[in-house]
Amino acid sequence: MPSSLHLQELNNIRVKEFLDHKIFTIISEVAHQENLQAFVIGGYVRDLFLKRPSKDIDFVVLGSGIELAQKVAKKLGHCHLSVFKNFGTAQIKYKDLEFEFVGARKESYRLDSRKPIVENGTLEDDQNRRDFTMNALAISLAHDTFGQLVDPFGGVKDIEDGIIRTPLDPDQTFSDDPLRMIRAVRFATQLNFTIEEETLKAIARNAERISIVSKERIMDEMNKIVAAPKPSIGFILLEKTGLLKLIFPEFQKLKGVDTKDGLDHKDNFYHTLQVIDNLCEKTDNLWLRWAAVMHDIAKPATKKFIPGTGWTFHGHEFLGAKMVPGIFRNLKLPLNEKMKYVQKMVQLHLRPIILSQEEVTDSAVRRLLFDAGDDIDDLMQLCEADITSKNDNTVKRYLANFALVRQKLKEIEEKDAIRNFQPPITGEIVMEAFGLTPCRHIGTIKDAVKDAILDGIIPNNLDRAYAYMLEKGAELGLTPITSQTEALERAAKRLEQQEQEKEKKEQKQQQPQSKKKTVMKKR
């Protein structure tokens with residue numbers, strides 16, 4: 001077993017191998033000229049030992065971090081310098097790298113805020129204020145100790161052992177900045193590490209302190225948990241420590257099993273976690289993963305026991321879709337197309353499952369394609385992930401049925417071009433044809449044409465749709481006021497214009513932003 005001194009020497013040799021980039025030599029030289037001491041610190045050093053690539057490098061300076069950054073930027077040339085005087089930091093963007101400089105500091109906190117009172121400090125002070133031992137690692141850039149690892153809390157050993165612990169008393173660490181509790185869970189999820197026992201207990205003891213942290217900062221961490229290889233690790237830790245019920249109570253309510261007349265239902269909390277993990281093996285799509293998180297979110301509200309039948313959750317997909325906007329609003333998730341996408345996935349997640357259990361009719365497939373549009377493939381991925389039975393034969397049967405549904409979707413799409421189709425008969429066409437002002441007849445005719453196309457009664461083209469519109473109008477006692485030829489010409493022209501406008505809008509949305517504001521990186 002190597003001694004601690006020998007381990008330190010080994011680590012110093014390992015670290016020096018990673019300091020061959022010229023930026024480290026330049027900072028070392030400039031710091032020496034300015035009689036300053038500089039250290040690489042934090043995430044970049046941690047990632048050296050995790051063997052993860054990192055393009056963000058933090059430097060702590062015994063003195064003015066801004067002053068050193070200004071001198072380094074001048075020496076580098078062809079770089080972008082941003083100074084944040086209020087925070088005492090400076091940032092350099094050089095090629096594809098970002099460097100942040102800050103003076104060593106010590107921090108103290110008030111009970112009602114996670115914003116620290118900052119004072120100048122030593123390297124020891126700066127390492128003491130770090131959240132976890134693995135993030136307190138520092139590498140000296142001084143001439144006489146260049147490449148020497150400063151590891152006062154055994155951070156390297158914790159990395160090697162897969163342990164997350166705080167440098168100092170965990171109760172004080174989490175009380176000072178409660179966001180660190182979510183960060184501990186996030187790192188454990190991303191790295192598949194274990195949170196050290198006392199550190200985990202301290203999270204549970206301080207869970208209520210999360211109330212002083214903004215929802216936006218919490219969701220930054222939550223998104224990283226959902227984006228991890230196995231998000232269930234994070235959600236189990238959040239539930240175990242009492243954080244989940246405070247930040248996402250709707251998800252906490254999924255946990256538990258009720259029994260009546262000897263019948264119980266599955267634990268929808270653990271079922272949902274299995275669905276998320278299943279899905280994460282297939283896709284990195286963050287918002288599809290969030291759809292998996294919320295796909296059964298309304299089951300507690302729709303749970304009902306029916307004698308002779310057992311537990312049911314009828315309509316949970318529709319109520320769940322209605323709950324999504326409120327949950328997104330409360331969690332400070334985006335209330336835009338991403339929210340609508342998740343809402344759509346939640347509402348439709350049972351449709352392919354129902355199709356796989358019944359005879360797959362062309363009409364049902366057309367309607368699914370019409371409702372899902374370009375998101376049909378994502379929906380199928382979510383539904384396949386939703387198969388969590390422990391019976392291998394059941395899983396195989398469902399997957400085989402889903403394969404048939406996928407084949408039918410492909411055939412119908414190739415034949416009828418239903419995906420994202422807009423019914424060719426618009427309200428304007430109906431009003432022009434029959435000389436109508438806005439009235440209920442217009443919606444009735446439009447729905448009849450759409451249903452006729454989806455049910456395969458008529459093909460998806462303007463001529464047949466117009467003829468069908470005239471039939472439905474006659475049934476309602478309406479008489480056309482223009483010739484069919486003239487009306488079709490106008491309708492075709494209008495549809496062409498709408499298509500062109502749609503293409504222009506899509507092209508505009510795809511154009512990259514020419515300028516992006518520089519923002520300070522939050523550590």
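The values are calculated or read from the model by the stated rules, or taken from the named source; none is laboratory data. Remember, predicted model here, so these are calculated numbers, not experimental data. Cβ: placed from backbone, ideal geometry, glycine included. Neighbour counts: every protein chain shown. Note: areas computed on protein heavy atoms with side chains; ligands, DNA, RNA excluded. Shrake-Rupley method; radii C 1.70, N 1.55, O 1.52, S 1.80 Å.
Taking the condition of being part of a loop (DSSP other than H, G, I, E, B), closer than 20 Å to D20 by Cα and small (G, A, S), how many residues in segment 48-69 meet it?
Here is the first cut: in segment 48-69, the residues part of a loop (DSSP other than H, G, I, E, B) are 51-55, 63-64.
The next check asks that each one be closer than 20 Å to D20 by Cα; those that pass are 51-55.
Add one more test, that the residue is small (G, A, S), and what stays is 54.
Summing the residues that are part of a loop (DSSP other than H, G, I, E, B), closer than 20 Å to D20 by Cα and small (G, A, S) in segment 48-69 gives 1.
Among the residues of segment 444-456, count how many are in contact (Cβ under 8 Å) with a residue 12 or more places away in the chain and either out of contact with any Lys or Arg (no Cβ under 9 Å at 6 or more places or on another chain) or of a type in the set (A, V, I, L, M, F, W, C) (or both). Before the answer, list the steps.
Of all residues in segment 444-456, those in contact (Cβ under 8 Å) with a residue 12 or more places away in the chain come to 444-446, 448-450, 452-456.
Of the ones still in play, those that are also either out of contact with any Lys or Arg (no Cβ under 9 Å at 6 or more places or on another chain) or of a type in the set (A, V, I, L, M, F, W, C) (or both) are 445-446, 448-450, 452-454.
Adding up the residues that qualify gives 8.
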Exercise. Which of (1) surrounded by 17 or more Cβ atoms within 10 Å (Cβ to Cβ); (2) within 30 Å of T302 (Cβ to Cβ); (3) touching a residue at least 24 places away in the same chain (Cβ under 8 Å); (4) not aromatic (F, W, Y) does L244 not meet, given it meets every other one?
Worked result: (3)
For this session: Confirm whether R105 is in contact with a Pro (Cβ under 8 Å, 6 or more places away or on another chain), among the basic types (K, R) and either surrounded by fewer than 17 Cβ atoms within 10 Å (Cβ to Cβ) or modelled with pLDDT under 90 (or both).
Result: no
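Is it the case, given these coordinates, that K260 is surrounded by fewer than 21 Cβ atoms within 10 Å (Cβ to Cβ) and either under 21 Å from M345 (Cα atoms) or in contact (Cβ under 8 Å) with a residue 60 or more places away in the chain (or both)? Steps first, answer last, please.
Working: surrounded by fewer than 21 Cβ atoms within 10 Å (Cβ to Cβ): yes; either under 21 Å from M345 (Cα atoms) or in contact (Cβ under 8 Å) with a residue 60 or more places away in the chain (or both): no.
No; evaluated as a whole, the condition is false for this residue.
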Exercise. Surrounded by fewer than 23 Cβ atoms within 10 Å (Cβ to Cβ), of a type in the set (G, A, S) and over 23 Å from A38 (Cβ atoms) - does that describe any residue in segment 119-130?
Worked result: no
For this session: Name every residue in segment 459-484 that is under 30 Å from I412 (Cα atoms), assigned to a helix (DSSP H, G or I) and of a type outside the set (D, E, K, R), in order of residue number.
Result: L462, A465, Y466, A467, Y468, M469, L470, G473, Q484
Problem set entry | Condition met for D161 (under 22 Å from A228 (Cα atoms) and of a type in the set (D, E)) | yes
Exercise. List, please: which pairs have Cβ atoms under 8 Å, are six or more places apart or on different chains, and start with a residue in segment 312-327 that is over 17 Å from W290 (Cα atoms) and end with one that is β-branched (V, I, T) and open to solvent by 30 Å² or more (accessible area, probe 1.4 Å)?
Worked result: T312/I306
For this session: Run down V30, V72, V45, V40 and say which single residue is buried (at least 21 other Cβ atoms within 10 Å of the Cβ), modelled with pLDDT of 85 or more, of a type outside the set (S, T, N, Q) and outside any helix (DSSP H, G or I).
Result: V40
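For (1) touching a residue at least 40 places away in the same chain (Cβ under 8 Å); (2) open to solvent by 40 Å² or more (accessible area, probe 1.4 Å); (3) among the acidic types (D, E), each residue gets a yes or a no:
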{"site": "L350", "(1), (2), (3)": "no, yes, no"}
{"site": "A364", "(1), (2), (3)": "no, no, no"}
{"site": "I376", "(1), (2), (3)": "yes, no, no"}
{"site": "Q381", "(1), (2), (3)": "yes, yes, no"}
{"site": "D386", "(1), (2), (3)": "yes, no, yes"}
{"site": "D392", "(1), (2), (3)": "no, yes, yes"}
{"site": "N401", "(1), (2), (3)": "yes, yes, no"}
{"site": "V405", "(1), (2), (3)": "yes, no, no"}
For this session: Would you point out which residue out of V360, V346 is open to solvent by less than 20 Å² (accessible area, probe 1.4 Å) and either of a type in the set (A, V, I, L, M) or over 25 Å from N285 (Cα atoms) (or both)?
Result: V346
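Output the helices (runs of 4 or more DSSP H) that fall wholly within segment 337-398 and possess 2 or more residues being closer than 21 Å to Y270 by Cα and either in contact with a helix residue (DSSP H, G or I) (Cβ under 7 Å, 6 or more places away or on another chain) or at pLDDT 95 or above (or both), or say none. Break it down stepwise before answering.
Working: elements: 337-348, 351-357, 362-372, 376-385.
Per the criteria, 337-348, 376-385.
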Exercise. Got at least one residue in segment 213-231 being more than 18 Å from the chain's Cα centre (by Cα), of a type outside the set (G, A, S) and outside any strand (DSSP E or B)?
Worked result: yes
